[in-house]
1. Using the structure shown, decide if residue 259 is buried (at least 17 other Cβ atoms within 10 Å of the Cβ) and closer than 26 Å to residue 202 by Cβ.
2. Is it the case that the stretch 278-287 has a residue that's on the phi < 0 side of the Ramachandran plot, buried (at least 20 other Cβ atoms within 10 Å of the Cβ) and over 21 Å from the mean Cα position of the chain (by Cα)?
3. For residue 205, indicate whether it is more than 25 Å from residue 74 (Cα to Cα) and surrounded by 14 or more Cβ atoms within 10 Å (Cβ to Cβ).
4. Answer yes or no as to whether residue 334 is at pLDDT 90 or above and surrounded by 11 or more Cβ atoms within 10 Å (Cβ to Cβ).
5. Looking at the stretch 71-87 only, could you name the residues that are exposed (fewer than 15 other Cβ atoms within 10 Å of the Cβ) and in a helix (DSSP H, G or I)?
6. If you go through the stretch 12-19 one residue at a time, do you hit one that is at pLDDT 95 or above, on the phi > 0 side of the Ramachandran plot and in contact with a helix residue (DSSP H, G or I) (Cβ under 8 Å, 6 or more places away or on another chain)?
7. Select, from 27, 65, the only residue that is in a helix (DSSP H, G or I), over 24 Å from residue 166 (Cβ atoms) and in the same structural domain as residue 145 (by TED's automatic domain parsing).
8. Could we say that residue 29 is farther than 20 Å from residue 103 by Cα and in contact (Cβ under 8 Å) with a residue 24 or more places away in the chain here?
């Protein structure tokens, strides 16, 4: 049954479309239910029991390239693995990957808010709404096009976004329900009230997208090095250690980014950044991005005021980029020889 003949109603993925979104649109274009479609064309029919966008099984991608007008490169671009080497160094298929929002897959359910959406974008898509690949990233907090905040759950019932389950309850009928319909409460996510994002947040999101596409600056051409340090800084800013809390206070005073209530309610340092609430991720990302502006002067000034040493700034950081490691060691390394001469150091660490 796994033919190489091109599907009669096949289409290419839309710009930045997520693999799972494209698969649902392909199934519905052929008036076939999502699970039936997967069973008919793929060797492994239960692709919805796992994170299909993250796994990016080579055989599945090859079949799609053979049976649709899309090239193998275009098919691969719909997967999260395509971020490897740009957003992070290595893609982890079977575990957590930095910046990738976990879905919390349990059979065919999703227990975590691992997929975002912009209601304005879905409305602008008209009759062919689709879900973007960037909506699976912990970096995404605002829509740079619509200048609206992203949503990470159904606004009516709080269910995580799982658009492939829109066919539930329609066992004996053809797929006719839009996959922007919540399978639990039948609310159309296109009707979600759009909340304008602050101008500073939109500006940060656009700069983040630029870095992902072009690199940070001439001396940090590979963007994954910038995002490695950014990820490390958001962990520091959400740490429970006394000196990192002092840094957080310094940044709040200067950057003007207010912390949401969840910052004070959640156990600090125990949750991965990708599992933090959306509004908290947005605040921490803005703060960390602010620290990296005017590098390295602002970072040195704020970290010195917070009386940090190299230990928390490098803790649990494997193979720190040279440009970050050098600044930390030159300015914050404390030893028995230089301990009493460091102006930023007061008392035992």
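The values are calculated or read from the model by the stated rules, or taken from the named source; none is laboratory data. Please read these numbers as outputs of a predicted model, since none were measured by experiment. Neighbour counts are summed over all protein chains in view; Cβ atoms, including those assigned to glycine, are modelled from backbone coordinates with ideal geometry.
1. Taking the combined requirement at face value, the residue satisfies it.
2. No, the stretch 278-287 has no match at all.
3. Considered against the rule, which asks whether it is more than 25 Å from residue 74 (Cα to Cα) and surrounded by 14 or more Cβ atoms within 10 Å (Cβ to Cβ), residue 205 comes out as no.
4. On the way: at pLDDT 90 or above: no; surrounded by 11 or more Cβ atoms within 10 Å (Cβ to Cβ): yes.
When the stated conditions are applied, residue 334 does not pass them.
5. Correct list: 72, 73.
6. Scanning the stretch 12-19 turns up at least one residue that is at pLDDT 95 or above, on the phi > 0 side of the Ramachandran plot and in contact with a helix residue (DSSP H, G or I) (Cβ under 8 Å, 6 or more places away or on another chain).
7. Numbers: 27 fails: over 24 Å from residue 166 (Cβ atoms).
On inspection, the qualifying residue turns out to be 65.
8. So residue 29 fails the test.
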